Structure formats: C-alpha cells, structure tokens
Amino acid sequence: MDDLYRELIIDRYKNPHFRGSLEPHDISFEDDNPLCGDHIRIDLRIDGNDCVSEVAFDGHGCAISQATADLLAESVLGKSLVEVKLIGKQDILDMLGIELGPVRLKCALLSLKVLKAGVYGLGEASDELVEN
Amino acid sequence: MIDHTLKTALDVARIKMDFPIFKREVHPGVPLVYLDSTATTQKPIQVIQAMDEYYRSYNANVHRGVHTLAEEATAAYEAARQRVADFINARSSREVIFTRNTTESLNLVALTWGRTNLQEDDLVVLSEMEHHSNLVPWQMLSAEKGIRLEFIPVTKDGLLDLDFYRKLLEQMPRLVSFTHMSNVLGTINPAKEIVRLAHQAGAVTVIDGAQSVPHFPVNVQDLDADFLAFSAHKICGPTGIGVLYGKVDILNAMPPFLGGGEMIKRVLLRSFTPNELPHKFEAGTPAIAEAIGLHAALDYVNQVGMERIAAHEQEVISYALERLEEVPELHVLGPEAKYKGGVAAFTFDGVHPHDIAQVLDQSGVAVRAGHHCAMPLHEKYKIPATTRASFYLYNTTDDVDRLIEGIYNVKKFFG
C-alpha cells in the first residue's frame, strides 16, 4: 500500500498545483478512462517559441490518475511541443516511481494520452499514443 | 553418419505423452487412434494445466478490477492477445480480437464491415470449397442487402480455378473471402497470390485460417490479408475462443459488433461512445481461461515448431494417400499430396461413410463422416458424404496403418 500510494502521490492528489482551466487556451483536450470512469482535461498555452507557457488540468478519478495529471502538468511547463511529443510511458512510471499492473497503468497513462492527443491535434485519443 | 531428417523429425512418441487423452482406451484393450483433428485437436497437459491454474489461483474478471487477482487475470488475458499477435506476426496486439471461434470471426466481418460497406449489387467473391461458416454469413447479408455472390470454382483436381478468379476480379468485387486450406479436400490455396490479385482489383480480403494457422506458419504481414479468422480448439487450445485478426485502419473504421460492457468508452441513457481497439469488438466478459489456454497452446506448437509440424504432416499425408490408393474401390478427394495438408476425405464404393466410421471406431480409429460443413462441395462432386481422416503433430504412419487395417475390416463386414 505504501508503495502504491507514495507520499508524493497522496500529496499531489490532495493538493494539486495545476488544477484549474485556462481561458483562452491554445490547446485543450479531454478524455475518459472507460475502465473506471476517470476523466481528465488538459489546457495549454503555447508561446511564440512553440513552448508550453501555461498549463492546467481538471477532472475526476482515482488518486493515481489525478496525481499523475498534476505531475505531468508540472513536467511539461516550459517544454517545447517537440519535447512533449517525446514523453512516453516510462517517463510517467519514472515520475511516479511505482510499479503498476495493467489495470492501474491505464489510470496513470490517461493524462499523457490526453496531453498527446491535444498536442498532436487528434480528434480522438488512442492507447497507441502511450504505448512506448 | 548423421541422418539429416532426424534433426527435423518430430519425436511423436514424446509428443503423445503430453496429451493425456492418449492414455485412455476407447474400448477395453483398444487404444485411441485419433484422426479427427480437422474437427478439433486434442489438448496437451500444458494447456489443461494453464487453464486449471487460472481457475485455482487467480480467477477474476478482467479489466475493471483493481485487486490482485483482477490485475493478474487482466495481465494474463492481455498477454494471450500479445502471444497471438506474435504468432501470426500482426503489427500490434490491437489487431487481435478475441471471438468465440472462426465462425463468429467471419460473422463479425460480415455484420460490421459488410453491413457498413456493402450496398445492393456489390459483389462478394467466395469459393466453392468454403466451409458453411464462410458461406452462410454472406448469404444472410445477401438476403438483407442484395449483394451479389460469385464463387471461384474448384477444378476436378481439387484446386481453385485461378483463371476464373481473375475473370471474376474484372467485375470489381468489394470483398474476397476464402479458405486458406480446405477442411475436406485438404487443398492449401495460394493465399498470398489470391490476396495480391484481390487488392489489385480494389477488394478487401478475408482469409478463413481455421485449417491453416494450426498446421503451417501463417504470417499476416507477408500474406497482406485484411482479415484472418481462426479457432483455438483446432490448434491444441480450448473450445470457446477464436481470433479475428484485422488491419488496424479497417478495424477502426468499422462499427462495433455486439453491444455491452467493455466495448464502450462512455454510456448515456440513449447513446454510447465505443471503446478503442481491440475492446471495441469484445462485449461482455470474455473467455478468460480459454485465452490463457490458447496462449499455452501457441507456446506448445511454437516450441515443437510450425515448420516441423508442417513437414511432419506432409510426410504422414503422403504415406496415407499412398496406402489409401492401394485399397480397391476407395476414392480420395482433392489434389495430390504436395498441394494439400493433412486431410484425406474419401468415399468407399457401396459403404456409407457413417458405417465406415462406426466400424473404424470398433478398432479405436476416430474419423469423421458426413458433409463436414461443406455441402456445396459435396454437391459438386455428386456425393452425399465422405469419410475424413485428418492428421496432426501427434499422428504417425502407424496410425495410417491402423486406419487401412480398419478399412479392410469394413470391406470384410460389408463386402
């Protein structure tokens, strides 16, 4: 239990730093995790150098999904869109520092899936975006 | 001196020990000679144990659960999907849909891709050697949508008439659906060429791989097939689970098949959003133990080696055809050994196949009698039924000898 719910995760779940919304925004995308009903929306503002100048997320769901979204938001701040596109599954796992089974992995990867679908300008998010 | 053939030959005696069923006697003192693998194969202990292990130690429903058992069951179920993808060389496990069997896979294509993409007078090309499972779904769709069906004829040698096929392609069919290997004639069709020609003509292709995937290496990327269907129980796996492989772009563009849990992303009272591949086509609790059994079955045949299994069957069917042809008044259907897999369907003048099968059973030889779900093919040859002996990795030329002895017994009985 301690492994799964590291202090960092509980803290970010209870006191997220990036929860909110951006109006106006340059990129906004949202999606659900059909397995447990988690929902995440991510808004981004992009500066003249194609870098993320502001980021916010909102949604509801388990601690893993919400804390990951908050940590991911923090990590993309200042990154170029090219760098954001390179974020992968392993980066999320490293960020969380925990082992996850196939079911909870979906919770952890929802925010990355949403982020990437938004940055790539896709109509729909797909698991393919977070496979590697 | 090392005999080169020994390195590749199967150690059938050892393989047989993996299959508990061969320990039984069919009748007191009469061991089993199982020559009905085209209908269903026997199961090695590895498959039985894998399924048993699931029920004993991590039985749980897949996907939504968070508890340990659910995580383990989900991991095993999805590992099975990946195993199937690797086995047929699919680009991704998303291209692997679990169904009940080959029949359901073919119906899925007809009822989703077919219903969406085919209109009145569109042409679907099938062949005369199809199993009912690749005829009836299209006939049903024809009744519903008014599509036209044409058939690649079977030559008197038991091969597909590819010249006639080329002519059919001039009519620009929308779909070509055909069997990779006939379950009656044993004919192995040139699938890669059939697919290539179909694609040239702009048609989508479906391969019924029920008899091919278990018996020789099948590589979907090499074949370039748009869809491939097969069943677990014909490849040492359990009944109740089959596979539909489909190219990801085509699957993505298709509407869902059955509605229910797991195939949805979001549900409102009056509408729903379908889930992503492959879950979009898997409504309801899937066959979890069976997927795990299929995984073990693919590991098993893979460990033996698909090339070696194919070579072994080629050896057994060549010997079987030789021996069967010695028997007066016996006629084997289909092409010569080099064009076929391990299937020998035959007629025996004056004796009905059911009587042949009954007498053979007395000596422990299990064969199938009937039309083998290919009535139009039997109609073409003007025979009501045949007796079919089929071979797999656990059969030997000794089994063929037992069959031939049995057939002489039949002759004594009815002759």
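Here are some notes:
- Residues of segment B:101-140 classified as surrounded by fewer than 21 Cβ atoms within 10 Å (Cβ to Cβ) and either hydrophobic (A, V, I, L, M, F, W, C) or at positive phi (or both), total: 5
- When segment B:86-114 is filtered for residues that are more than 9 Å from chain A (Cβ to nearest Cβ) and within 16 Å of B:Pro286 (Cβ to Cβ), the ones remaining, listed by number, are B:Ser93, B:Val96, B:Ile97, B:Phe98, B:Thr99, B:Arg100, B:Asn101, B:Glu104, B:Ser105, B:Leu108.
Quick grid of which residues meet (1) more than 20 Å from the chain's Cα centre (by Cα); (2) farther than 24 Å from B:Leu118 by Cβ:
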position	(1), (2)
B:Cys236	no, yes
B:Leu244	no, no
B:Gly260	yes, yes
B:Leu269	yes, yes
B:Pro278	yes, no
B:Ala283	yes, no
B:Ala287	no, yes
B:Ile292	no, yes
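- Hey, A:Ser65 within 14 Å of another protein chain (Cβ to nearest Cβ) and under 20 Å from B:Thr273 (Cβ atoms) or not: yes
- Only one of the numbered conditions (1) over 28 Å from B:Pro217 (Cα atoms); (2) in contact with a helix residue (DSSP H, G or I) (Cβ under 9 Å, 6 or more places away or on another chain) is not met by B:His354, and that is (2).
- For A:Glu74, the conditions (1) assigned to a helix (DSSP H, G or I); (2) within 14 Å of another protein chain (Cβ to nearest Cβ) are fulfilled apart from (2).
- Any chance B:Gln314 is under 20 Å from the mean Cα position of the chain (by Cα), outside the structural domain of B:Asp157 (by TED's automatic domain parsing) and of a type in the set (S, T, N, Q): yes
- Test: residue in segment B:230-239 that is within 24 Å of B:Ala50 (Cβ to Cβ), in a strand (DSSP E or B) and touching a strand residue (DSSP E or B) at 6+ places or on another chain (Cβ under 8 Å): yes
- Residue within segment A:39-53 that is part of a strand (DSSP E or B), closer than 24 Å to B:Phe272 by Cα and either aromatic (Phe, Trp, Tyr) or within 12 Å of chain B (Cβ to nearest Cβ) (or both) present: yes
- Screening A:Val82 against (1) touching a helix residue (DSSP H, G or I) at 6+ places or on another chain (Cβ under 8 Å); (2) more than 14 Å from chain B (Cβ to nearest Cβ); (3) β-branched (Val, Ile, Thr) leaves a single unmet condition, (1).
- Any hit, segment B:227-240, residues being within 14 Å of another protein chain (Cβ to nearest Cβ) and either in contact (Cβ under 8 Å) with a residue 12 or more places away in the chain or of a type in the set (A, V, I, L, M) (or both): no
- Selection of segment B:23-81 for residues being surrounded by fewer than 19 Cβ atoms within 10 Å (Cβ to Cβ), free of Cβ contacts under 8 Å to residues at least 12 places away in the same chain and within 10 Å of chain A (Cβ to nearest Cβ) yields B:Arg64, B:Gly65, B:Val66, B:His67, B:Thr68, B:Ala75.
- Taken over segment A:115-126, the residue count meeting the criterion of being surrounded by fewer than 16 Cβ atoms within 10 Å (Cβ to Cβ) and charged (D, E, K, R) is 1.
- Condition check for B:Met172: in contact with a helix residue (DSSP H, G or I) (Cβ under 6 Å, 6 or more places away or on another chain) and assigned to a loop (DSSP other than H, G, I, E, B): no
The values are calculated or read from the model by the stated rules, or taken from the named source; none is laboratory data. Everything numeric in this text was worked out from a predicted model, so none of it was measured. Methodologically, a virtual Cβ is constructed for each residue, glycine included, from the backbone with ideal geometry; neighbour enumeration extends over all protein chains shown.
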